[in-house]
Structures are given as structure tokens and as C-alpha cells.
Amino acid sequence: MSRAITFSEYGAPEVLQLSEVTPPEPGPGQVRIRVRAASVNPLDMKIRSGLMAGTVPAHFPVIPGLDAAGVVDSAGEGAAVAVGDEVLGATVGGSYGEHALLDGAVAKPEGLSWEVAASLVTVGRTALRVLGQLGVQPGQTLLVHGAAGSVGFLAVQLAAARGITVVGTVGEYDIERVTAFGATAVRYGDGWAERVKAAAPGGVDFVLDASGAGVLADSVGLTGDPGKVITIADLSAAQHGVRFSAGTADQGGQLLPELVQPAAAGKLAVPIWRTYPLTEAARAHADLEAHRNHGKAVLLP
């Protein structure tokens, strides 16, 4: 048997319980890992609370979690990695446990910490996905709302590395950090649009909203075209003619190498705010729901 965090009803963080489960068996192309680190993502909390029940219905009991890094202890037929390899990837059936299944696992470079390896997957692929969907090109200007958040911060770095001019809205305490990684940071809150105009006198070509803070109407006003605005966080997107980008997987994990190598080389920063033992998963959820974090939260089974 193996230990995992499960929930059998929707609700507050307290529905998360430590349980004994049967370790999963890998299918073709999959591997089972002994989990060394599992990332906590906002989607985990939305699923647990029932907010996503209409689109991601739960089949109880549920093991939460989207991403993990660990050591392969069983490999299915045709798997690209072998028993004993250190890997990371998207999980099938949850990551909050001592064991997890990975689809499209990729090798973890020796210089990459377990915490960062587990934290790269969903947020990094989301950042890459939305940049691709926007089609922003070198020399153009991108506004990122929530530039200090997990997805926003990676989008800032990835865009700046491509020669894109980046303006990011952040809290006062994050201005210096975001500026250091390639963006012109401006304070969010009342008057943010005027501050963006001052920071980008040539105008804004595209907007990525990773904050969900009610900024879509003014973002459309800045670009003059709702087709140039995309959100991953504001469910009112359709009311503004804005695209809502959703999805957690890239087929086969093709985008992961584009993230792993720069991270291992120190060219892509993923701030880790706090680690928790597996038994404190409920506390991790409560902390993130209260917006106490400034970076990624990671479970260490």
C-alpha cells in the first residue's frame, strides 16, 4: 500500500485526508514514480471546492494534483525513461501521494531541484501556451496582469527572452523582483491603466491576464481589440469578447524540454515560497486560498 491525500466530497481544505491507497500501475508509455515533490496549483483547489464540477466532475475518492517529480520505480511498455531515472511531468490520477503515474515524463537534470522540477510543469506549459495563442512577436509590447504570480512570472521571463517588451502589473512589494526579470513593473489597483500607458507610451499590443482581478474591460480598451486579450483567470471573459484559455496538458509533454533546460541553467526562475509535508496538504490549500503565498507551494511526501 501507499499513502496519498484524498477527498471524497467537495468542500473546504479540511476535506483533504491522508489515506492508504493501492499504488497505481503504469500503462503503455507511462511510468510510476516514487514522488519526491508535488506542486500545488490553483486548479487543485477549484476542483476540490466543487467550483469546476461542471467541467471537471470528480469521481470520488479523488487524489488531487497535476504535477510531480520523482524517481521511476515501474515503467510501462514503450516508456521513454527507465526504472531509476529521475523525471518530472504531468500526472494521471493525481500527484499528492507517495506514488504517481506520469504521462510524457522527461528527465530531470541533475542541477534542477525537486521542488522546481515539480513546479515547472503546469504553470510553465500554461505560460508557453498562452504566449503561443496570443502570437506576440519580438519587438511588440505585452502587458501581463499578475506578473508576480506563478504563470505570470514565467510568462514575463519567456516573453522577455524572445525580445518582447513586457509590462507587468504587480503589488508594491513585487516591483523590484519582476523588473529584475525583464519587465517594466507597475503597481496594480486603481489607476493601473494610466500607469501602463505611461510605462508603454508606444501602446500595448497584447494582454495576458493571469490575475482575474476584473481588468478585462480596460485591457480591451488599451489594445483596441478583444482578440488581442487572453485570460486564464477571469470567468467573465466571454462578456468582453476575450478568449479564456484553459487546459493542463500538451500532448506527450513536448513543451517541457523548452522549460527544463533553461531552469536547470539558471535562466528561468521559479520561486518556491514554501514546502509542506504531505500530511499538511490542507494547510497548503488554506494558505494559497488566503493568498499568503509569494511563489509556488510544494508538497514533499
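Just so it is clear, none of the values below were taken in a lab; they were calculated from the coordinates. Not measured: the values here are computed from a predicted model. Counting neighbours? That spans all protein chains shown, and the Cβs are built from the backbone with ideal geometry, glycine included.
For region 124-244, the Cα-based Rg and Dmax, in that order, read 12.4, 35 Å. Among the lysines of the chain, pairs that are 8 or more positions apart or on different chains and have alpha carbons within less than 29 Å of each other number 9.
Among residues other than Ala185 whose Cβ falls under 14 Å from its Cβ, what is the net charge (Lys/Arg +1, Asp/Glu -1)? Display every interim value, and only then the final one.
Values: positive: Arg177, Arg187, Arg195; negative: Glu172, Asp174, Glu176.
Computed value for this residue: 0.
Net charge near Asp225, counting Lys/Arg +1 and Asp/Glu -1 over other residues with Cβ under 13 Å of its Cβ? Charge balance in the 13 Å sphere: +1.
Here the Karplus curve 6.51 cos²θ - 1.76 cosθ + 1.60, taken at θ = phi - 60°, turns the phi angles of region 226-238 into couplings of x, x, 9, 10, 9, 10, 10, 9, 10, 6, 8, 3, 4 Hz, with x standing for Gly and Pro.
Calculate, for Arg292 and Glu176, the FRET efficiency according to 1/(1 + (r/R0)^6) with r their C-beta to C-beta distance and R0 22 Å; round to the nearest 0.05. All intermediate terms of the calculation are to be shown ahead of the outcome.
Details: r = 20 Å, r/R0 = 0.91.
Given R0 = 22 Å and the Cβ-Cβ separation, E is 0.65.
Dividing the summed -39500 (n - 2.57) terms of all DSSP H runs of n ≥ 4 by the residue count of the chain sets its mean residue ellipticity at 222 nm at -8000 deg cm²/dmol. In this structure, the amide hydrogen of Ala79, modeled 1.01 Å from its nitrogen in the peptide plane, lies closer than 5 angstrom to those of Gly29, counting only residues at least 5 positions away or on a different chain.
Less than 5 angstrom separates the built amide H of Arg36 from those of Ala69, Gly70, Val71, all sequence-distant by 5 or more or on a different chain.
With K and R counted +1 and D and E -1, the other residues having a Cβ less than 11 Å from that of Gln30 yield a net charge of -2.
Each 10 Å bin from zero up to the one holding the largest Cα-Cα distance in the chain carries the following percent of pairs: 6, 28, 34, 22, 8, 1, 0.
The GNM of the chain, with springs linking C-alpha atoms under 10 angstrom apart, assigns the highest mean-square fluctuation among Val56, Val72, Val186 to Val56. For region 213-301, trypsin sites (Lys or Arg not before Pro) meeting the loop criterion (DSSP other than H, G, I, E, B) and having at most 10 other Cβ atoms within 10 Å: Lys267. Between Thr91 and Asp67, Ala68, the built amide H atoms are under 5 Å apart, and every one of these is 5 or more places off in sequence or on another chain.
Loop only per DSSP, at most 14 neighbouring Cβ atoms within 10 Å: give me the GluC sites (Glu not before Pro) in region 1-76, ordered by residue number. Please list the in-between numbers first.
Details: sites: Glu9, Glu14, Glu20; in loops: Glu9.
Hits after loop and neighbour filter: Glu9.
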